[in-house]
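Novice: Before we start, here is the structure in question, set down as structure tokens.
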Amino acid sequence: MYKLLLRPLFFSFDPEKIHHFTFSLVKFTSKIPGFKNLFRSLYVLEDKRLERKLFGLTFKNPVGLAAGFDKNAVLYNELANFGFGFVEIGTVTPKGQAGNPKQRLFRLKDDQGIINRMGFNNEGLDAAINELKKNKGKLIIGGNIGKNTSTKPEDYTTDYLECFNALHDYVDYFVLNVSCPNVGSHAKLNDKDYLEELIVAVQNANKTFIKQKPILLKIAPDLNTNQLDEIIELVKDTNLDGVIASNTSTDRTGLKATTEKLEEIGNGGLSGQPIKEKSTQVIKYLSDKSNKAFPIIGVGGIHSAKDALEKLDAGADLVQIYTGFIYEGPSLIKSINKAILNK
């Protein structure tokens with residue numbers, strides 16, 4: 001029904017406007033008696049064999065929703081009814097910010113991709129915490145954290161620490177988002193020395209809590225092998241809990257979209273099918289080169305059960321979807337979990 005009826009309708013509107021509309025629609029329908037159970041009967045697959053134990057956490061299944069969808073933690077309780085094993089909220093910054101000027105979200109229908117330059121638009125820490133206080137405990141929740149656009153380079157770490165400390169009681173794991181191409185001073189956030197400084201600072205903050213939370217690093221799909229070797233070394237040196245591979249890409253190679261179309265869109269991070277292979281290669285390289293020394297969450301271009309299995313076979317322990325969820329609909333989650341059980 002989604003691909004035949006809803007997607008054509010949704011895709012006839014502005015991507016960002018329809019994103020907010022679907023949030024309201026899911027919120028509204030979930031309150032109608034019987035609809036929550038209907039969603040669960042259609043999309044949720046419960047089976048002990050799907051459980052994954054990672055970072056000291058037990059995931060109901062290995063299919064999660066990537067950050068960027070539920071930025072302000074307003075829909076995670078409802079999203080549990082679509083079969084996800086976990087949801088990553090954010091990216092959350094200390095202060096709310098509008099992000100980049102609109103239009104900033106674009107569909108590449110022929111490529112089954114999306115280009116965005118949202119710029120960490122979110123309502124800030126306090127708003128996220130208010131929503132997370134409503135957590136009904138249905139899902140594992142990840143907290144993806146970043147810095148405010150206006151923050152000076154010398155204060156980047158302060159922003160991450162503010163988010164980490166404030167969200168610590170409300171999320172199950174943390175992701176340091178240092179690889180989004182749509183924020184300023186991208187170079188510093190990818191400098192190995194700075195990353196080590198940041199990770200150590202956050203880990204020291206983690207030690208001040210009675211219960212420590214897992215900390216992961218989200219990396220770009222455009223890193224070369226030398227840079228990936230540095231990531232492996234960084235994880236080893238800092239005892240980081242894991243890596244999310246990968247974020248969006250700035251590469252436009254091999255797209256069906258015309259040069260004119262891409263020039264009209266401008267800069268931004270590319271997600272969806274066009275980055276599938278690149279993301280899988282990064283996962284495989286990290287897994288093989290490190291001899292599977294740390295957990296990996298695989299994300300990037302998962303539009304089918306086959307795509308998800310490729311990520312898992314490459315070395316991912318869990319997978320996340322985002323663009324595939326928009327193009328394929330909620331049935332994608334159940335189909336992935338079914339394929340895992342039948343493997």
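A short reminder: the numbers here are calculations on the coordinates, not readings from a lab. In this text the structure is predicted, and so the values were computed from the model without any measurement. Neighbour counts are summed over all protein chains in view; Cβ atoms, including those assigned to glycine, are modelled from backbone coordinates with ideal geometry.
Novice: Peptides 108-115, 241-248: what's the order by average Cβ count within 10 Å, highest mean first?
Specialist: 241-248, 108-115
Novice: For the range 1-116, taking Cα atoms only, what is the radius of gyration to one decimal and the Dmax to the nearest whole Å?
Specialist: Reported Rg and Dmax, both Å: 16.2, 45.
Novice: Still on this structure: Give me the distance between the Cα centres of the range 45-102 and the range 235-294, rounded to whole Å.
Specialist: Distance between centres, Cα-based: 19 Å.
Novice: Also, quick follow-up: Rounded to the nearest whole Å³, what is the per residue volume of the convex hull around the Cα atoms of the range 2-342?
Specialist: For the range 2-342, the hull spanned by Cα atoms encloses 131 Å³ per residue.
Novice: Please list 140-152, 217-229 highest first by mean number of surrounding beta-carbon atoms within 10 Å per residue.
Specialist: 140-152, 217-229
Novice: For the range 75-148, what's the radius of gyration and Dmax over Cα atoms, in angstrom?
Specialist: Gyration radius and largest Cα-Cα distance of the range 75-148: 14.4, 41 Å.
Novice: Compactness ratio of the range 213-266: Cα Rg over 2.2 N^0.38 Å, N = residue count?
Specialist: 1.56
Novice: Next question, about the same structure. To the nearest 0.05, how large is the calculated FRET efficiency for residue 209 and residue 97 if R₀ is 35 Å and r is the Cβ-Cβ distance?
Specialist: Here the calculated transfer efficiency is 0.85.
Novice: Which whole-number percentage describes the relative contact order of the chain, with Cα contacts under 8 Å and a sequence gap of 6 or more?
Specialist: The value is 17 percent.
Novice: Applying 1/(1 + (r/R0)^6) with R0 = 35 Å to the Cβ-Cβ distance of residue 126 and residue 7, what FRET efficiency is obtained, to the nearest 0.05?
Specialist: Given R0 = 35 Å and the Cβ-Cβ separation, E is 0.50.
Novice: Treating only the Cβ of Lys, Arg, Asp and Glu as charged (+1, +1, -1, -1), what charge dipole size does the range 2-342 show about its Cα centre? Round to the nearest 20 debye.
Specialist: 1360
Novice: Which of the lysines could be linked to residue 256 by a straight reach, that is with a Cα gap under 23 Å, when you skip same-chain ones fewer than 8 residues away?
Specialist: 3, 109, 276, 278, 306
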